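Novice: Okay, handing you the structure first.
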Amino acid sequence: MTLKIYGIAASRAIRPLWAAEELGLPYEHVPLHYASPEAKAPAYLAINPNGMVPAIDDDGLVLYESLAITLYLARRHAGRVLWDGTARQDALILQWTLWAATMVEPLTTQLAQHTRLLPQAQRDPAQAAAALAALRKPLAVLDAHCARQPYLLGDSFTVADLNLAAVLHRLADLDAADLANVAAWHQRCVARPAAQRAFALRQKTA
């Protein structure tokens, strides 16, 4: 076993955990809590100087940033699942991953912080409402796209779907009848056996 994944599953570490499960990779899971003293201790800062999770050590390659990790794992094992290695697919995977990181995740983070992550006294309903309103435009773009095909790149699930579905998981309970295509696509992604195995780790490490 050469792959070690740091971070509790109830964090962005769910992304590399899900990727490893999809790829059938043996790995060691180190359930490091992002708020623990160990995350700021010298031993872990030598792995991720930001003191955040996730991080991986893959046979000596140390890497952090969850979306970079999933792209690396999928690309390294291209042809197995998640990534077929063609230039066309490379471009589309990067497009949707960067779209998730820039157009969606800042808003989902803001919404989650001000609805359930921050202590009650620090939550600002106005910021939550603003994030939800701003999300409507990119989610409408995604809904129109998902109406045309089952997955982001066509008929097959790829790391682009994994990355975006993981970013949007905080919105899994969003009640929006006008986003039925997004909801159906997201359900297809998270219902995959590998996703279920990864998300089950949340209960084990909570």
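No lab work stands behind these numbers, since they all come straight from the coordinates. These figures come from a predicted structure and were not determined experimentally. Quick reminder, even Gly has a Cβ in these numbers, built from the backbone with ideal geometry, and neighbours come from all protein chains shown.
Novice: Name the residue farthest towards the positive end of the dipole of the chain from the options H145, Q89, L71, assuming +1 on Cβ of Lys and Arg, -1 on Cβ of Asp and Glu, about the Cα centre.
Specialist: Checked the options; the winner is H145.
Novice: Label points 7 Å out from Cα along the Cβ direction at A134 and Q203: separation in nm?
Specialist: 3.6
Novice: Further question: Using a 10 Å cut-off on Cβ atoms, rank the peptides 67-74, 37-44 from the highest mean neighbour count down.
Specialist: Sorting 67-74, 37-44 by mean packing, highest first, produces 67-74, 37-44.
Novice: Give me the percent relative contact order of the chain, please, defined on Cα pairs under 8 angstrom at least 6 residues apart.
Specialist: 24
Novice: Next question, about the same structure. Taking 8 Å as the Cα distance limit and 6 or more residues as the minimum spacing, I'd like the relative contact order of segment 87-193 as a percentage. Write down the numbers at each step before the final one.
Specialist: Details: 91 pairs, mean separation 34.1, N = 107.
Over segment 87-193, the number comes to 32 percent.
Novice: Then there is this: Based on the Cβ-Cβ distance of A191 and T109, what FRET efficiency does E = 1/(1 + (r/R0)^6) give at R0 = 22 Å, to the nearest 0.05?
Specialist: After rounding, the FRET efficiency stands at 0.35.
Novice: Would you please state the base-10 log of I(q)/I(0) at q = 0.24 1/Å for segment 87-193, with intensities from the Debye formula using one equal scatterer on every alpha carbon?
Specialist: -1.38
Novice: Among R12, R80, what is the fewest-to-most ranking by other Cβ atoms within 10 Å?
Specialist: Fewest to most other Cβ atoms nearby, the residues stand as R80, R12.
Novice: On to the next question. Can you bin the chain into rounded, prolate or oblate? Criterion: square roots of the alpha carbon gyration tensor eigenvalues sorted a ≥ b ≥ c, rounded for a/c under 1.5, prolate for a/b above b/c, oblate for the rest.
Specialist: Taking the square roots of the gyration eigenvalues as a ≥ b ≥ c, the chain is oblate.
Novice: What is segment 12-65 by shape, rounded, prolate or oblate, if you read a ≥ b ≥ c off the alpha carbon gyration tensor as root eigenvalues and call it rounded for a/c under 1.5, prolate for a/b larger than b/c, and oblate otherwise? Mind showing how you got there, number by number?
Specialist: Working: a/c = 2.30, a/b = 1.67, b/c = 1.38.
Verdict is prolate for segment 12-65.
Novice: May I ask you to sort D58, D178 by Cβ crowding, counting other Cβ atoms within 10 Å and putting the fewest first?
Specialist: D178, D58
Novice: Which helices, taking whole DSSP H runs in the chain, have alpha carbons extending 20 angstrom or more along the helix axis plus mean Kyte-Doolittle at least 0.5?
Specialist: Helices meeting the span and hydropathy rule in the chain are 125-146.
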